[in-house]
Amino acid sequence: MKKCKCKCGCKLGKLLAKLLGGVLLANVVLFIVFFFDLDGKFLFKVVEPLLCKHYDNMERKDTLKSPYDMDKYPSYQFNS
Amino acid sequence: MAKKNRDYKKLARDFWYGKPHGERRLGELYEDKTGLYKHREWRGVSDTLYYFYNVWLYNYAHMVTDVMKYGGPINFAKGVWRYRWLGQTYLTAIHWIDRGTEGLRGEALRASPWHHRGMINSTIKQFQRMMKADTKIRGGKKNDAWYHTIAHNETVWGGMFYPWSDKFESVPIEMVPYFVTCHVNCHTVHNYIDAVQSIGLPGDPCPMCQAESGLFVLDDMPDYAPFMVTCNEACDASVATSTLQDWFWDKPLFALPMPMQFDDPLVHKYCMKEIEECWKFVEEQTGVPFNWDQLVKMLKLQNELQEFEWEKWDVAAKTDFYPINGVSQALYRIYQSQYGENEIWHFCDKKVRKVMERCVSKKINPYPQTRHRVIAWSCAPLYYSHWCTWAYNCWGLNVVINMDSLMFDMTIRTDSYENCLSDMATYHMWAPMRRMAVGGMHHIFELWENMEKFNCDMVAMYDQLQCKGMQGVHGLFEDEFRKRNVNAFWMPHALPDSRTVSRMELRRIINDYMTTVMHEEPLDPSLLDFDDSMSW
Amino acid sequence: MKDLKHLIYFENLLQEANNELVQKAKAEGKYAIGYTCYFMPEVLLDLPGCFSVRLRAPRCTSPDIATYYMSSRVCHYARSLLERALEGGYNFLDAQMATETCTATCRFQEHLQQKHLDSVEDMRIIDNDNFFCEFIDVPFKKTNIAYDHYRDQLRFHVLGKLHDNLGIDVSDEALMQAIEQHNEVCRLINEIGDYRKLSNPTITGYEFHVIQLVSLVCPKYLILPYLRETAEELKTREPDDKWPFRCKVVLAGSENDDPDFTKLIESCGAEVVCDRYCYGAVESRQPIVVQPGQDPLEAIARHYLDTSNCPRFMPQDEMRARKKKLADLVKEYNADGLIIASNKFCEYWSYERVIDTVIMNRDFGIPVCSIEKEYINAASGQLRTRFQAFVESVEIKKIQEGK
């Protein structure tokens, strides 16, 4: 087998091959995630319970204490 | 041990093309209760790869780019942390597509998910605007976005604010926090319903309105605009909801009523005046005058959407080549026609047109296992809008069209101010869940003419248990079904509340009807009975 | 107190819609016009030649056929009306003047309509070939364009149809005559009702409720003599030496045409001194004022929108102002508390009740008893317990305040 004389070409080739390999690998990994619904399982079993815990424990304003001023707003009437 | 007799040819065929309908056993793909997939469906090489790249990956990628495009990751992250409806829903959007597209193949798979893409984009656009303007996630500070956003009730058509759309963004108050979320992840809305009942509201008013009120009770509504426009749609409860919203939001509120007896020319005239009043209110609040040219520009764009919708209906009504499934048809149409103009609709319609034209020119039937063409009437269970997908896969029930799709059956004239206003008044009064529901009970019986028009032989009659308007005509429908010898099954539900009638219970009702009345065998028996009570 | 002379007669008149006075007016050739909602101005249905009957379905406890038609998840009042109609209880009606103001009663009235369409067969519930049912559209606001719209609706759909179908005189003179008669009823009812403002009232809430109801369901010209006599009688009626109640309350809320409900409250020690609910007198018995030179129909349209405090009104200032008006009533009638009652399945009042329950107490310091009830109250035991507890809490509050 002849040895490649062009160093640049070789590097580019390797880079391309790595890139292609990386893309392929990413595709394979993503396809596994997709096919086995790993995204759904992760969201359902990890993310949602954590978020819910956070939302359930959040401090919330007591909205029943909101003011209700009787005369604060005018009658919006324009064509009179 | 006996050696298994494998048919390798068939295995190869199933691998390449996917299993034929009767052999799919889709019900076996689910994990018990959660509705998660043990693995996603293998639809054959081409369709699986299409779904993987063009639906799953494409939508995940765009969910990221849309967030970046409309308001940036920081607003988004703050929003997720602050608002339950946002955090619990956003990430599960892909599974919403999954549920709506189960079992689809070929052209049906290429057309239907575009509708979900349109809705997801529009949803992100809206909630990102909310977050961009929200004072609650920035310590009460009002920014430029806050001053340039118009808040309105989700049933006030977005088109009302077209005259200001070059300077202001209008964002419906409840469309994303309530309406979209209960389709995507039905868990969130339970919190809001419970919240409003915890302050003493009885359980019987419309659960949609309860959820809308609950958002305010739980202080889970962003403060994203200086004023709001509300209306009396869909019902008495919606009128009353405005009172709670007024109390808890405490900002200038304009009530833009939709008169009830909309057939009456006197009523129509009055409605036109009310719309003008609303415009004057917006002018007063924003300090920006009404822009006729902007209104015309936007209406022309919206009219294009309606014209394509008519083409779609034509294909759906007259041929077997309509590639859009029941859930995509229903949700996209109501979303698009209510929200109003948005560039994503045109993009998606272009994609769908291509598929539809291909189906028509090549005479492709995307739903070859159709046994019955079904029209779905009244308002649908929001937590189970994808029942149509199940019904086709299990029983061959193809939901061709639904009532909400047919509400806005009009374009809007832009040749003169008078004509334009007149048409806008009609459009306004034909709001969702309304055109057939109010203004005289004869409207709700337009079912028969639409059934004929769309060549349907069966009715899926939604039975919203807490809708007083529909409950009030229940018996007359029963009488008419009997008199006309129409095959119809009732689907009881409580709009967003999946706890009242579960999805499993709904399926059981349809199963019972199909076996005991229609005496039919399921196409996929694995879908007859499964537990998805905890699913999104 | 001495019994009112006509009370038993009035009670008998309330036993069915087609009562003795209705029959008498019909025998005299007058047309009977049914309606359900305040937004259908009764004064227009009391034009010379016809008379108004606000529909009730007394003693209807089991609306089985109506439940088939409207399901069990719709307001009991609307279903009871349909049941009574299906039983033939409203066959005396010549017309129903309808409003699409609340969903349930709208649907009831639509069942009565004969539309002659292919899409849905007419039920022909009212056994009267000339019967018709006409709807008006009622605005959700009290603005000038809303007044105009409402007036136009009344002119076209009420006066127009009464004239065209029944030959009723709808001239301004006839309207003025009807207003005059209406105002006399209002004057008498107010005179009678004002005795409830006394520290030891000479009329009970129950008695007043009965009197107010007969004024709604009987031909005005036939009930007027009895009202006049009752008003006279009350001028000299002596109260009991000791006030027999423990506190005074304003009763507010949704549809209520059941005097036994008022009786139930009073039997628990709370005297009902003011009635701000559908079928109550606070709104319906305010006289109509026609300014010199004003179109009487215009005056009527303005009157009915202005006087109504229905939670159906949506403008922000209206939503808020009606809370203040309710608080003012409590003050005006020297009441110690407020009972807010909504009918089950009434969406307007379900919400209004929630807000009132918080706001009236928090912002106005008024004790509130918030309850949900049926049209006909079968579960009176539970309600009695609630009312007794409320009366006790009001008494404790009074003691604490040193009253």
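Read-outs throughout are calculated quantities, based only on the coordinates presented, and are distinct from any laboratory measurement. Note that the structure is predicted; figures quoted are calculated from it, not measured. Here the Cβ is made from the backbone with ideal geometry for all residues, glycine too, and neighbour counts use every protein chain on show.
For the stretch C:257-262, the Karplus equation 6.51 cos²θ - 1.76 cosθ + 1.60, evaluated at θ = phi - 60°, returns couplings of 10, 10, x, 5, 5, 5 Hz by residue, with Gly and Pro reported as x.
Only DSSP H runs of four or more residues enter the estimate; each adds -39500 (n - 2.57), and after division by the residues of the protein assembly as shown the mean residue ellipticity at 222 nm equals -15500 deg cm²/dmol. Please list, or write none, the aspartates and glutamates whose alpha carbon is within less than 20 Å of the alpha carbon of C:LYS324, excluding same-chain residues fewer than 8 places away. Filter leaves A:ASP69, A:ASP71, B:ASP246, B:ASP250, C:ASP275, C:GLU283, C:ASP306, C:GLU332, C:ASP336, C:GLU352, C:ASP356, C:ASP363. By the count of neighbouring beta-carbon atoms within 10 Å, fewest first, C:TYR351, A:TYR73 end up ordered A:TYR73, C:TYR351.
Remark on B:THR230: its backbone amide H falls under 5 Å from those of B:ASN153, B:PHE254, B:ALA255, B:LEU256, a criterion applied only to residues 5 or more positions apart or on other chains, H modelled at 1.01 Å from N.
Computed across the stretch B:148-244, the Kirkwood hydrodynamic radius from all distinct Cα-Cα pairs reaches 13.8 Å.
Sorted ascending by nearby beta carbons within 10 Å, beginning with the fewest, A:MET58, B:MET441 become A:MET58, B:MET441. Counting other Cβ atoms within 10 Å as a rough exposure proxy, the listed residues B:LEU266, B:LEU476 run B:LEU266, B:LEU476 from fewest neighbours to most. Each Cα pair under 8 Å and six or more residues apart adds its sequence gap; the mean of these over the residue count of the stretch B:372-477 is a relative contact order of 39 percent. A straight line joining the Cα centroids of the stretch B:461-493 and the stretch A:1-67 runs 48 Å.
Max-minus-min Cα coordinates of the stretch C:1-65 on each principal axis give 37, 35, 25 Å, with the largest extent listed first.
For the stretch B:225-314, lysine pairs separated by 8 or more sequence positions, or belonging to different chains, with Cα-Cα distances below 27 Å total 11. The smallest convex shape that holds all Cα atoms of the stretch C:214-370, its convex hull, gives 157 Å³ per residue.
Pairs spanning more than 19 Å between alpha-carbon atoms, out of B:LYS318/B:LYS362; C:LYS24/C:LYS115; C:LYS235/C:LYS398; B:LYS78/B:LYS141: C:LYS24/C:LYS115; C:LYS235/C:LYS398. Candidates C:PHE108, B:PRO207, A:LEU16 compared by Cα position along the dipole of the protein assembly as shown: farthest toward the positive end lies A:LEU16, with charges placed on Cβ.
Across all directions, the shadow cast by the convex hull of the protein assembly as shown built on its C-alpha atoms averages 50.9 square nanometres. Taking chain B as the reference, fit the longest principal axis to its C-alpha atoms, fit the long axis of helix B:72-82 to the helix C-alpha atoms, and give the angle between the two in degrees, 0 to 90, nearest 10. Tilt relative to chain B: about 90 degrees.
In this structure the amide hydrogen of B:ALA488, modeled in the peptide plane, comes within under 5 Å of the amide hydrogens of B:VAL459, none closer than 5 places in sequence on its chain.
The aspartates and glutamates within cross-link reach of B:LYS453, meaning a Cα-to-Cα straight distance under 17 Å and a gap of 8 or more places when in the same chain, are B:GLU309, B:GLU311, B:ASP314, B:ASP320, B:ASP404, B:ASP409, C:ASP118. Rounded, prolate or oblate: which fits the stretch B:338-452, taking a ≥ b ≥ c as square roots of the Cα gyration tensor eigenvalues, rounded meaning a/c under 1.5, else prolate when a/b beats b/c? Oblate, because a/c is 1.5 or more while a/b does not exceed b/c.
For each pair in A:LYS53/B:LYS33; B:LYS125/B:LYS468; B:LYS69/B:LYS167, compute the distance between the two Cα atoms and list the pairs where it is over 27 Å. Listed pairs above 27 Å: B:LYS125/B:LYS468. Computed over the stretch B:15-72, the P(r) curve from all C-alpha pair distances, binned at 10 Å from the origin, holds 21, 34, 29, 14, 3 percent per bin. Neighbours of B:TRP16 by Cβ distance under 12 Å: Lys/Arg scored +1, Asp/Glu scored -1, total +3.
DSSP beta bridges in the protein assembly as shown, what fraction antiparallel, as a percent rounded to 5? Here the share of antiparallel DSSP bridges comes out near 0 percent. For the peptides B:238-248, C:325-335, B:272-282, the ranking by packing is B:238-248, B:272-282, C:325-335, with the highest mean count of neighbouring Cβ atoms within 10 Å listed first.
Taking every DSSP bridge with both residues inside chain B, close to 5 percent are antiparallel. Straight Cα distances below 21 angstrom link A:LYS14 to the lysines A:LYS2, A:LYS3, A:LYS5, with same-chain residues fewer than 8 positions distant left out.
For the stretch B:47-527, the normalised intensity computed at q = 0.12 Å⁻¹ comes to -1.09 (log10 of I(q)/I(0), Debye sum over alpha carbons, equal scatterers, no solvent). Convex hull volume per residue, computed on the Cα atoms of the stretch A:7-58, equals 77 Å³.
For chain C, the alpha-carbon coordinates run over 66, 45, 42 Å along the three principal axes, in decreasing order.
Shown in residue order for the stretch B:475-490 are the 3J(HN,Hα) couplings computed by the Karplus curve 6.51 cos²θ - 1.76 cosθ + 1.60 at θ = phi - 60°: x, 5, 5, 4, 4, 5, 4, 5, 4, 8, 6, 9, 6, 9, 10, 8 Hz (x for Gly and Pro).
Note on the stretch C:348-403: Rg/Rh from Cα positions, Kirkwood definition for Rh, rounded to two decimals, is 1.04. Dividing the convex hull volume of the alpha-carbon atoms in the stretch B:102-154 by its residue count gives 107 Å³ per residue. Applied to the stretch B:370-386, the Karplus parametrisation 6.51 cos²θ - 1.76 cosθ + 1.60 on θ = phi - 60° returns per-residue 3J(HN,Hα) values of 5, 9, 9, 8, 10, 10, 9, 10, 6, 8, 8, x, 5, 7, 9, 5, 7 Hz, with x for Gly and Pro.
Centroid-to-centroid, using Cα positions, the stretch B:140-190 and the stretch B:239-317 are 14 Å apart.
For chain A, a Gaussian network of Cα nodes joined below 10 Å ranks A:LYS65, A:LYS14, A:LYS41 by mean-square fluctuation, and the top entry is A:LYS65.
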